[in-house]
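Data block below; observations after.
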Amino acid sequence: MKSNRALAIACICSVTFMILVTIGSMIYFKSQLAKSADAMKGMEKEEYERHYVLITDEKNSSFWESVYEGAKEEGKLKGAYVEMLGSNLSSDYEQKQLMRIAIDAKVDGIILAANESGAVTALINEAVREGIPVVTVLNDNTSNRQSFVGIGSYNLGKDYGKQVCRIVEEKSEGSYEDGNCQVLILMEGEFHNTNEMLVLGGIQETIEQEYKGDVSIKCESEYISQKGTFAAEEAIRDLFMKPDLPDIIICLNELNTTCVYQGMVDYNRVGEIDIIGYYNSDSILKAIERKVIYSTLTIDTKQMGRYCVDALNEYIDMGYVSDYIPVDTYLINSENVADYLGDMAENVEE
Amino acid sequence: MWKNKFRKMTLQAKLVMVFIVTSAILFIVNMFMFYNVNTIVSKLDQIYSSNLDLNQLEETLKGVQDNMTDYLNTKSTDAIKEYYGNEKELQTMIQELNSKATNNEVALMEKNIKNLTESYLKLTSQTIEAKRGRNVEKYKMYYDEATELYTYICEYVYSLNREQFKNNSENYAMLSFSLNYLEMISTFILFMVAIANVILVIMVTKSITNPLKKLAAVANQVENGNFDVELLQVDTMDEVGIVSNAFNKMIASIRSYINRIKENMKRERAMKEKELLMETHLKDAKLKYLQAQINPHFLFNTLNAGAQLAMMEGADRTYEYVQNVAELFRYNVKKNNDTVTLEEEIKLVDIYIYILNVRFSGEIHFEKRLDQSLLHAMVPSMVLQPIVENCVNYGIRNISWQGLITLSVYELDERICISIKDNGIGMTQERIEKVMKGQLKQEDLSQDSNGIGLDNVIARLRLFCGREDVLEMISEGENKGTEVILYLPAVEKEF
């Protein structure tokens, strides 16, 4: 009787053991499979109400990446997915081609780092006609666009002008030949961009109003073509080949800033020329730390991205949006660069 | 309930059940493995089907573009027919593409492709319309736009294909890793289940063989004659249980048979004992009776008194007779169960013959031929008298001629021979043998003997001499007398 009971218990135990082993392994395997399924690419999906595209000629610059990031984050909160149009295509398309694609792909909104060309204006107008709201960012285009998100170019010019005055005041009078200070302002594009003209005006006005010293400051501008691959870099290299170099170079975009900085290092002109740059990329910040670049003006790129998405949402929801949305600007020089470098390190760690 | 059922199961059913249970578990485990493998394989299939779909879409798109160009070039009906076929196909194809805004790049590209293709198809149909309406400028413009769009779509399809292929390669690696993983887990499960199964089978077979072993052990004990073994405990109702039960019954019945035989034997022995006891008691009673009749001292004293009386009265013959009778009793009182000299024994025979001759008026003649040198030999008492008594009672009592008893003592072959010979009726050989073997029945013996039979004499002589041939009876036939010869050891026995 006893042995029978023991046998029955042992049988039940062994069967239970088998079942437990099987079920345990099943659960373990399923969880492992689920984990790998989560890691599978192209499987996860989150649906959004709206599809916005960001169109820029410089997809890979950290400036625009930062803007895109800001826009994407804001979009995620507000139910819109922002796509950096053309980023995953194998061909590089120009702005107008991307505009064409965006219009024909019937997206819900376009964020455009516009240029002033007529073709782009026409495309903006076509998009608006098709019912696709367009927000220009950083650079405006006189068209039927719904809104412009960017910095006031005149104010930006004034900031640059102040920096020029500071540089000249800091240096002793003898350091400029003949008491002349040459300021070269590197402009984008082949057209006389309205924004850039405003910046230029701002600079010149500020210098005239604020500088009371004996040095005569002369401003010149040079157009660096951004069109065509590597055009800007080549143009800037050409600058350094010229016999008379300016005393101060003002760059109005990130690419130019980096190129000028690199050129200065390569041609061994560090200390001879003061650079006032634009944007706060890692290399620019490091250059400020090493005092190769005097200072840089930057805007809150994430905020800019956020404002773009907000503007589009506002227009679609309300039917109207304010024509100009200003974005905050900052000045970074050797005094406060440590803060920004710290931020960078933190971001990298994240 | 289940346990009872298990107990009642036959061995076959038990074995079959164990086999089925273990097989079922293995089967389930295998099914689970196959299910998982299938899931993974179908996922692998899914991965590459998306690439295939895209390639088809590209083909059809190319067809539409080519047909449109062909139509614009030739305006042929074949081209327009094919165009419509491809257009329709393309329409259905793009219906399957994702149309929602998502954060998934691939899905988003699908959405763009879908919308671009829709716009493209709208443009191509406008182109065809314009061509039909011979609006040369318009259809050229539409054609250029459509072609531009066509290149964008191709670019998109190509990029999407590349993107998917990149993802799929990673996914494939992941899934193939999962497959390897599954293999490992499957091996582990099968291994564990196999071990558990083996244990299960061992336990069940043990439950079958253990009772058999017990049965064999008990059977061995029984074989060695131990019937008091403990009965087997029968828990199961299978074949072994049935055999064990039968064995138990067998042992029980063997035990009861043995008990019955033992009882019978006991009863028989008791009865025999009783019979013997009866005989002994009877003999005892007879002896006591005889003893009571003859108190030798009393008789001797009385007879002595009688002898003195006869002497005083001058009756010499009476005196002598009574004196001899008294002497006989005195000998009995004195010498019973003792060794005496041969002379004393012969004297007793003399007294006995004298008394008999007084009783029977001198009918018995008694002769002695004695070797005087042998008379001091020691012999058991009361040996010769019973033989002489036998001679008188059976030999010469009822004969018509003069009875003669001859007693001779002589030495032969270093042994003392005592011969007592009568001339009476003699004995047959059978009777002699019967007497020698002591087989004569009680009834055959005479009533008035002094109780000491011939077999008693033989037994005592054998004990005295330590050998068997102590007495010989010789008779030549009827009426030719009988001779009894005693053989005693020649060595003198002294106290």
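For the protein assembly as shown, the antiparallel share of DSSP beta bridges with both residues in that region comes to about 40%. Pairing the Cα long axis of helix B:316-335 with the longest principal axis of chain B, what angle in degrees results, from 0 to 90 and rounded to the nearest 10? In chain B, helix B:316-335 runs at an angle near 20 degrees to the longest axis. Relative to the longest principal axis of the Cα atoms of chain B, helix B:342-359 runs at roughly 60 degrees. Summarising the strand pairing of chain B, around 75 percent of its internal DSSP beta bridges are antiparallel. One quarter of the surface of the convex hull around the alpha-carbon atoms of chain B equals 57.9 nm², the direction-averaged projected area. Each 10 Å bin from zero up to the one holding the largest Cα-Cα distance in segment A:153-278 carries the following percent of pairs: 13, 46, 34, 7, 0. Taking amide H as placed 1.01 Å from N in the peptide plane, the amide H of residue B:368 sits under 5 Å from that of B:407, each at least 5 places away or on another chain. For segment B:338-489, the Kirkwood estimate of the hydrodynamic radius, built from every pair of different alpha carbons, is 15.7 Å.
Each of B:149, B:65, B:185 was placed along the dipole of segment B:2-215 (beta-carbon charges, centred on the mean Cα), and the one lying farthest toward the positive end is B:185. Across q = 0.14, 0.17, 0.18, 0.21 Å⁻¹, segment B:152-272 modelled as identical point scatterers on its alpha-carbon atoms has Debye log10 I(q)/I(0) values of -0.83, -0.96, -1.00, -1.12, in the order of the q list. Note on the protein assembly as shown: dipole from Cβ charges, positive end direction compared against B:32, A:259, A:85; the farthest Cα belongs to B:32. Charged neighbours of residue B:311, selected by a Cβ distance under 14 Å, balance to -2 (K, R count +1; D, E count -1). Selection among B:298, B:240, B:285 by position relative to the dipole of segment B:234-330 gives B:240 as farthest towards the positive end (Cβ unit charges, Cα centre).
Roughly how many debye, to the nearest 20, is the charge dipole of segment A:146-251 about its Cα centre, given +1 on each Lys and Arg Cβ, -1 on each Asp and Glu Cβ, and no other charges? Write down the numbers at each step before the final one.
Working: 9 positive and 20 negative charges, 62 e Å.
Approximately 300 debye in magnitude.
Helical runs (DSSP H, four residues minimum) scored at -39500 (n - 2.57) apiece and divided by the length of the protein assembly as shown put the mean residue ellipticity at 222 nm at -21500 deg cm²/dmol.
Taking a quarter of the surface of the Cα convex hull of chain A, what do you get in nm²? Before the final figure, lay out each step's value.
Working: hull surface 106.9 nm².
Average projection, Cα convex hull of chain A: 26.7 nm².
The mean of 1/r over all pairs of different alpha-carbon atoms in the protein assembly as shown, once inverted, gives a Kirkwood hydrodynamic radius of 42.7 Å.
Taking the Cα centre of segment B:2-215 as origin and charging only Cβ (+1 Lys, Arg; -1 Asp, Glu), how large is the dipole, in debye to the nearest 20?
Numbers: 24 positive and 23 negative charges, 497 e Å.
About 2380 debye.
Computed over the Cα atoms of segment B:2-215, the ratio of the radius of gyration to the Kirkwood radius (Rg/Rh) comes to 1.41. Using Cβ point charges alone (K and R +1, D and E -1), the dipole size of segment A:45-138 about the Cα centre works out to roughly 200 debye.
Highest mean packing first, where packing is the average number of other Cβ atoms within 10 Å per residue, the peptides B:235-248, B:359-372, B:27-40, A:194-207 line up as A:194-207, B:235-248, B:27-40, B:359-372.
Could you list A:29, B:298, A:63 in order of exposure, starting from the residue whose Cβ has the fewest other Cβ atoms within 10 Å? Each step should come with its number before you reach the end.
Numbers: A:29 20, B:298 10, A:63 23.
So the ranking, lowest neighbour count to highest, is B:298, A:29, A:63.
Rule-based calculations on the coordinates, nothing more; no lab input. All of these numbers come straight from a predicted model, not from anything done at the bench. Note: ideal-geometry Cβ built from the backbone for every residue, glycine included; neighbour counts use all protein chains shown.
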